[in-house]
Amino acid sequence: MTGCPIVAFVPAHDPERAAEFYTEVIGARPVRDDGFAIVCESGGTMIRIVAASAFTPQPFTILGWEVADIEAEVERLRAAGVEFEDFALADESGIWNAPGGDRVAWFRDTEGNLLSLSKHAQPVT
């Protein structure tokens, strides 16, 4: 399966509310509602927002974006009302500076799923 596109699945108590967040706040491109999921696309990855009435958001990151300018993206999302997680390792801007040079900021979607923005010192190519 090397080289095959990835499909991401995001559970949602309210798929319409989540789809609005992913398209209007995150900036994912709306694709369709196929009756099983609300589908959008981000960076070439299909995101399927699926109804999951009985789920508990996990304590770990389920979806993240590699960004060119993490400070600008944090500020853009904050301006849109997104609150970043206040993890002990994060600096005053809400960004964690990892020992290897990676930088990460975490936030939650409307359903409580933990998401991240990252700027890796050595991007995967």
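Figures for the structure shown
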{"item": "Candidates per trypsin sites (Lys or Arg not before Pro) in the range 27-125, loop by DSSP, up to 15 other Cβ within 10 Å", "result": "none"}
{"item": "Neighbour-count order for Thr23, Thr45, fewest beta carbons within 10 angstrom listed first", "result": "Thr45, Thr23"}
{"item": "Potential lengthening between Thr2 and Phe87 on full extension [0.36 nm per residue; Cα-Cα distance subtracted]", "result": "27.2 nm"}
{"item": "Helical contribution to [θ] at 222 nm, DSSP H n ≥ 4, -39,500 (n - 2.57), averaged over the chain, rounded to 500", "result": "-3500 deg cm²/dmol"}
{"item": "Gain upon complete extension [Glu16, Ser53; 0.36 nm per residue less C-alpha separation]", "result": "12.0 nm"}
{"item": "0 to 90° range, to nearest 10: angle between helix 70-79 axis and the chain longest Cα axis", "result": "60 degrees"}
{"item": "FRET E, pair Thr45, Asn97, Förster distance 22 Å, beta-carbon r, rounded to 0.05", "result": "0.25"}
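Since every read-out is calculated from the coordinates, none of them should be taken as a lab result. Given the structure is predicted, the values throughout are model-derived calculations rather than measurements. No Cβ is skipped: glycine too gets one built from the backbone with ideal geometry, and neighbour counts run over all protein chains shown.
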